[in-house]
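Asks: Sharing a structure below in structure tokens format, with a few things to ask.
The values are calculated or read from the model by the stated rules, or taken from the named source; none is laboratory data. It should be emphasised that the depicted structure is a prediction, and the values quoted were computed from it without experimental measurement. So basically every Cβ, Gly included, is an ideal-geometry build from the backbone, and we count neighbours across all protein chains shown.
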Amino acid sequence: MRTADAAAVDDLALLTGPDAGDLLAAAVATTGAELVSWRTRQVDHRPGRSTTASYAARVRDAAGERDLVLGAATGPAGAGARPPGLLVLSDGAREVQVWTFAQDPGLPSLARAADPGAVRALLASLGEDPGPVRLRTRAYRPRRRAVLEATSPGAHVFLKVLRPGRAEPLHARHRLLAGAGLPVPPSLGWTGDGLLVLGALSGTALRSRLREGGSPAPSGEALLALLDRLPPEVCALPRRAPWTEGAAHYAAVVGAALPAEARRAAQLAARVRELAGDGPDEDATHGDLYEAQLLLRGSRVSGLLDVDTAGPGRRADDLACLLAHVSVLAQMEPAHAVTSRALGARWLTAFERRVDPVELRARVAGVVLSLATGPHRVQEPGWPAATTARLDLVERWVESAAARARPAPVG
């Protein structure tokens, strides 16, 4: 009998190895098309639970060749509903589900969001006069969420596709934060099957600014002031567990993808938990704040994006998330490393005046450990080396936290 760990590794190999092509070909054949080529775009591996992947595929049918996005997932046989357009293969104990982008079984509103005619009708129902609609997929996490940008002569919106039941609470969250004066996208409406319509904001993403030279950028003090404007009602929202609490999970994901680093990842996770400490979640937090979530006009923040995770937490986690992403960005893009590191150093100095330096640095390490799963998840070329480099960065942040925690020498 296979262990749960062995099953998880087998699932990962099935969805990322050469046999995945046979699964995709079988799914495409049900639509009357032939698979020409494919590559893995993204993998979400949750050891002991499930593995999900998305693929960029080229298919051929009577009308010619075209590009498709496909999704696949493993799990226990018979789990969940089976909507139309879903191919299911099973050995009696485990099953693989394969689907085309718009038929994602976890996102029933995606078919509507991916249909220009349906989007035009939806915008008209919200009082917009859109005209012909053009759609662009901006993000897709199979069975979890998608974001599509809709533009037309009369409208510019983002369609956030969520699991059923999650759009209305997020609509209320946007209204709460907008009412408190925070520069969040206006929520124009929602549907019960998980579709939220958000108005577009103007500004340049801080990530783009860093790639352009990094100036001007908001100061650490300005970012602290922005977070201080989060209303106290945010603390009544559901709590999102901080990255440090998930350190062992992220280490396991890294270890499953790259067994040679499993032991080091687990050891780093233990040190992160030890140094980060625990405390009450008494601050209103954004919950996932990093440079791509901030739009700028000059050095002023004109947009605060992706507030799905706003809720009670620790201020150190929001600040750690900012620092972690900037330090990883410096590693990913050497041409802009000097700019990103200099900004991170300025932020660190400002943030340490507000929160405990040991806790902050350890929590940065925890966020970087979560990001160490990224190179494999998005199937980055050379992902093993990139994963090892991120673990090196985790180690440096852990060592920095440990150094601050040591008592000063006497005499």
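To keep it simple, each residue is scored yes or no on (1) within 19 Å of the chain's Cα centre (by Cα); (2) closer than 27 Å to residue 200 by Cβ; (3) touching a residue at least 12 places away in the same chain (Cβ under 8 Å).
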{"residue": "314", "(1), (2), (3)": "no, no, yes"}
{"residue": "330", "(1), (2), (3)": "yes, no, yes"}
{"residue": "334", "(1), (2), (3)": "no, no, no"}
{"residue": "337", "(1), (2), (3)": "no, no, no"}
{"residue": "344", "(1), (2), (3)": "no, no, yes"}
{"residue": "351", "(1), (2), (3)": "no, no, yes"}
{"residue": "356", "(1), (2), (3)": "no, no, yes"}
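Asks: May I pose another question? Sort out which residues of segment 17-37 are crowded, with 17+ Cβ neighbours inside 10 Å and assigned to a helix (DSSP H, G or I), and write them in order of number.
Replies: 20, 23, 24, 25, 27, 28
Asks: While we're here: Condition test on residue 182, is it outside any helix (DSSP H, G or I) and at pLDDT 95 or above?
Replies: It is true that residue 182 is outside any helix (DSSP H, G or I) and at pLDDT 95 or above.
Asks: Evaluate the following for residue 213: is it over 21 Å from the mean Cα position of the chain (by Cα), more than 24 Å from residue 345 (Cβ to Cβ) and surrounded by fewer than 22 Cβ atoms within 10 Å (Cβ to Cβ)?
Replies: no
Asks: Just checking, does segment 247-267 include any residue being buried (at least 19 other Cβ atoms within 10 Å of the Cβ) and either more than 23 Å from residue 373 (Cα to Cα) or aromatic (Phe, Trp, Tyr) (or both)?
Replies: Yes.
Asks: Regarding residue 163, is this residue under 30 Å from residue 75 (Cα atoms) and of a type in the set (D, E, K, R)?
Replies: Judged against the criteria, residue 163 is a match.
Asks: Might you let me know whether segment 373-384 holds any residue that is of a type in the set (D, E, K, R) and over 26 Å from residue 52 (Cβ atoms)?
Replies: No; the residues of segment 373-384 include none that is of a type in the set (D, E, K, R) and over 26 Å from residue 52 (Cβ atoms).
Asks: Ok, one more. Which pairs turn up if I take residues in segment 10-37 that are closer than 20 Å to residue 101 by Cβ and look for partners that are of a type in the set (Val, Ile, Thr) and part of a helix (DSSP H, G or I) with beta carbon separation below 9 Å, at least 6 apart in sequence or on another chain?
Replies: 34/28; 35/28
Asks: Would you call residue 111 touching a helix residue (DSSP H, G or I) at 6+ places or on another chain (Cβ under 6 Å), within 19 Å of residue 164 (Cα to Cα) and surrounded by fewer than 16 Cβ atoms within 10 Å (Cβ to Cβ)?
Replies: Judged against the criteria, residue 111 is not a match.
Asks: OK, next. Please work out which residue is farthest from residue 249 (Cα to Cα), limiting yourself to segment 44-53 and to residues that are out of contact with any Leu (no Cβ under 7 Å at 6 or more places or on another chain) and not basic (Lys, Arg).
Replies: Filtering segment 44-53 for residues that are out of contact with any Leu (no Cβ under 7 Å at 6 or more places or on another chain) and not basic (Lys, Arg), the one farthest from residue 249 (Cα to Cα) comes out as 52.
Asks: Which residues, taken from segment 280-299, are loosely packed, with under 15 Cβ neighbours inside 10 Å and at positive phi?
Replies: Once the filter is applied, which keeps residues that are loosely packed, with under 15 Cβ neighbours inside 10 Å and at positive phi, segment 280-299 yields only 298.
Asks: Is it the case, given these coordinates, that residue 73 is buried (at least 19 other Cβ atoms within 10 Å of the Cβ) and at pLDDT 85 or above?
Replies: Here the answer is yes, as residue 73 does meet what is asked.
Asks: Taking segment 235-245 on its own, how many of its residues are aliphatic (A, V, I, L, M) and under 11 Å from residue 287 (Cα atoms)?
Replies: 1
Asks: Now, a different point. Taking segment 225-274 on its own, how many of its residues are part of a helix (DSSP H, G or I) and either more than 30 Å from residue 301 (Cβ to Cβ) or not hydrophobic (A, V, I, L, M, F, W, C) (or both)?
Replies: Residues in segment 225-274 being part of a helix (DSSP H, G or I) and either more than 30 Å from residue 301 (Cβ to Cβ) or not hydrophobic (A, V, I, L, M, F, W, C) (or both): 31 in total.
Asks: Please verify whether residue 308 is of a type in the set (Asp, Glu) and in contact with a strand residue (DSSP E or B) (Cβ under 7 Å, 6 or more places away or on another chain), treating the condition exactly as stated.
Replies: no
Asks: Could you identify the single residue in 136, 175, 163, 143 that is free of Cβ contacts under 8 Å to residues at least 60 places away in the same chain, in contact with a strand residue (DSSP E or B) (Cβ under 8 Å, 6 or more places away or on another chain) and part of a loop (DSSP other than H, G, I, E, B)?
Replies: Every option except 163 fails the conditions.
Asks: Scanning for something surrounded by fewer than 16 Cβ atoms within 10 Å (Cβ to Cβ), within 24 Å of residue 239 (Cβ to Cβ) and not hydroxyl-bearing (Ser, Thr, Tyr), does segment 327-349 turn up at least one residue?
Replies: no
Asks: Evaluate the following for residue 247: is it modelled with pLDDT of 95 or more, touching a Lys or Arg at 6+ places or on another chain (Cβ under 7 Å) and not polar (S, T, N, Q)?
Replies: yes
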